[in-house]
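Inspection log for the structure reproduced underneath, given as structure tokens.
The values are calculated or read from the model by the stated rules, or taken from the named source; none is laboratory data. In this text the structure is predicted, and so the values were computed from the model without any measurement. Quick reminder, even Gly has a Cβ in these numbers, built from the backbone with ideal geometry, and neighbours come from all protein chains shown. Ligands, DNA and RNA are stripped out before the accessible areas are found, and what is left, the full protein with its side chains, is counted by its heavy atoms. Shrake-Rupley method; radii C 1.70, N 1.55, O 1.52, S 1.80 Å.
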Amino acid sequence: MLKRLAGSSLQRLILIAVFMTLLVSAFLIVSSYKQQIALSEEKELARLEGIASTLALEIDGDIHQALIEKHGSMDAIMNNDDDAEYFAIHEQLKHVQDANMIETAIYTMVYDPGMKKFCFGVTSTNPFWKHPYLDYPEKLMDDYDHGGTIEMYADSNGTWLSAFQPIKDRTGTTVGVLQVDQRFDSFIQEAERNAWKNALIGIGVSLIIIGVLFISLRGIVQEQENLKKERDELDRLRTELLANVSHDLRTPLSSIQGYLETVLMKHGSLPPDRLEKYLGTSLKNTIKLRELVDELFELSKLQSRDRKPNIEPFSLSDLAKDIGASIRVNADKKGVDLIEQIPQNLPMVFGDISLIDRVIQNLTNNAIKFTPQGGKVSITIAEVDEFLQVTVADTGVGITEEDLEKVFDRFHTRPSGTTKGTGLGLAIVKSVLEAHDSEYHIQSRVNEGTSFWFRLRKV
């Protein structure tokens with residue numbers, strides 16, 4: 001239950017992180033949109049102000065004032081085609097409008113004291129001459145003498161951004177105002193394009209983050225599942241270990257207890273030969289217990305990585321010959337022929353000599369144990385590319401395919417007549433060889449024998 005709750009909590013945290021990412025992304029997209037509109041508006045106003053400032057300085061204020069005084073209507077101008085001064089300013093404004101791709105007219109204005117309103121003057125197009133400018137912003141009236149910009153405002157013709165600058169005569173007196181407009185609809189389209197571009201980039205980044213989170217979630221969930229499987233497997237092995245240890249310890253302990261109780265109960269009445277037999281059997285079982293405890297301790301250290309292999313060069317052939325000499329007595333006692341096929345002058349190998357000694361002894365003793373009288377056990381060393389390969393083979397009872405897959409498990413045992421092993425020998429072999437990154441392989445046929453080989457890198 002706790003494991004499921006932990007997994008659920010982890011998934012909830014990831015989902016909350018995804019939701020928060022979406023929320024923050026949405027906020028950033030909206031903020032970016034608003035910021036882009038504001039930046040675009042600021043940029044457009046600066047552009048309009050630059051155009052207005054430059055153009056206002058280029059217009060001759062005295063000529064502009066004379067035109068306003070000279071002509072009273074558009075008809076008066078249009079009927080006087082040779083008014084070169086009017087058309088010069090008109091063409092000047094039109095050229096600037098076209099060059100800067102401004103969609104609405106650029107125009108000059110003058111203030112009519114009688115009407116107390118601004119009136120149109122020269123334009124880049126052909127609106128009515130001296131027509132009142134009815135919807136001008138208050139800022140225009142307040143600041144016309146030194147110019148400025150007008151943020152978004154609305155009149156009867158739409159919504160605008162504007163910039164204006166004074167037109168001055170030779171005495172520095174303001175005689176008119178130059179105004180440059182941009183319709184908000186035209187401006188906002190470009191601003192929205194930029195805003196949406198940034199929004200799409202933000203969405204893309206958000207999707208990437210969400211994708212990474214989901215991939216991380218899947219990886220974490222998979223890792224949790226793997227850890228759960230490992231924990232379940234460890235629990236199973238722990239239960240199996242306790243059962244097997246209990247069995248393997250109980251048998252010799254029961255024997256020792258039984259014999260010692262008999263000795264104590266019949267103290268002084270047991271014949272010497274019977275007493276010697278009971279004590280000898282107890283000692284034999286005590287040695288068996290000691291060997292089992294030592295193997296458990298060694299396997300535990302190997303599998304917990306507490307013991308690191310002391311890798312150094314050593315002579316594998318000398319080691320194998322020494323092992324053969326030490327266990328030949330056991331082989332002869334059982335009537336098993338021990339054969340050594342070890343060439344002279346083999347190169348040295350890298351490894352922990354004490355651990356490899358244990359591997360070869362375990363393999364050879366295991367082979368002798370499961371080989372009946374009259375059978376053969378061989379220790380062979382051969383060069384294979386950059387390795388030396390050690391092969392321990394027997395003509396014993398063999399191993400079934402089903403048992404072959406489990407033969408390296410702790411406490412896995414297989415029958416051999418009346419003999420059963422503790423099941424730790426090959427588990428230790430596996431742990432040692434894996435600690436050496438050594439390649440190994442086992443093959444077997446029932447009633448024909450078993451062959452096990454492993455390789456160590458040559459010096």
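Per-residue answers, yes or no, for (1) surrounded by 15 or more Cβ atoms within 10 Å (Cβ to Cβ); (2) in contact (Cβ under 8 Å) with a residue 12 or more places away in the chain; (3) over 27 Å from residue 92 (Cα atoms); (4) not polar (S, T, N, Q):
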{"residue": "115", "(1), (2), (3), (4)": "no, yes, yes, yes"}
{"residue": "140", "(1), (2), (3), (4)": "yes, yes, no, yes"}
{"residue": "146", "(1), (2), (3), (4)": "no, yes, no, yes"}
{"residue": "169", "(1), (2), (3), (4)": "yes, yes, no, yes"}
{"residue": "175", "(1), (2), (3), (4)": "yes, yes, no, yes"}
{"residue": "181", "(1), (2), (3), (4)": "yes, yes, no, yes"}
{"residue": "193", "(1), (2), (3), (4)": "no, no, yes, yes"}
{"residue": "200", "(1), (2), (3), (4)": "no, no, yes, yes"}
{"residue": "210", "(1), (2), (3), (4)": "yes, yes, yes, yes"}
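Taking region 269-386 as the region of interest, the strands (runs of 3 or more DSSP E) fully inside it that hold 1 or more residues being among the aromatic types (Phe, Trp, Tyr) and closer than 27 Å to residue 431 by Cα are 312-314, 349-351. Of the residues that make up region 240-255, is at least one modelled with pLDDT of 85 or more and open to solvent by less than 60 Å² (accessible area, probe 1.4 Å)? No; the residues of region 240-255 include none that is modelled with pLDDT of 85 or more and open to solvent by less than 60 Å² (accessible area, probe 1.4 Å). Residues in region 148-167 that are buried (at least 18 other Cβ atoms within 10 Å of the Cβ) and either out of contact with any Ser or Thr (no Cβ under 8 Å at 6 or more places or on another chain) or within 26 Å of residue 67 (Cβ to Cβ) (or both): 150, 160, 162, 163, 164, 165, 166, 167. Annotation note: Cβ proximity below 7 Å between a residue of region 32-43 that is within 24 Å of residue 206 (Cα to Cα) and a residue that is surrounded by fewer than 18 Cβ atoms within 10 Å (Cβ to Cβ) (sequence gap 6+ or interchain) occurs for 32/198; 36/194; 36/198. Among the residues of region 220-236, those that are open to solvent by 70 Å² or more (accessible area, probe 1.4 Å) and modelled with pLDDT of 80 or more comprise 223, 225, 228, 229, 231. Of all the residues in region 147-173, those that are among the charged types (D, E, K, R) and out of contact with any helix residue (DSSP H, G or I) (no Cβ under 9 Å at 6 or more places or on another chain) number 1. If you go through region 62-84 and pick out every residue that is open to solvent by 40 Å² or more (accessible area, probe 1.4 Å) and at pLDDT 85 or above, you end up with 4. For region 85-102, what are the residues that are over 21 Å from residue 132 (Cα atoms), modelled with pLDDT under 90 and surrounded by 16 or more Cβ atoms within 10 Å (Cβ to Cβ)? The answer is 102, and nothing else. Tell me which residues, restricted to region 118-136, are in contact with a strand residue (DSSP E or B) (Cβ under 9 Å, 6 or more places away or on another chain) and open to solvent by 20 Å² or more (accessible area, probe 1.4 Å). Passing the criteria: 120, 125, 127, 128, 130, 131, 132, 134, 135, 136. Here residue 352 fulfils each of the conditions (1) more than 51 Å from the chain's Cα centre (by Cα); (2) open to solvent by less than 60 Å² (accessible area, probe 1.4 Å) apart from (1).
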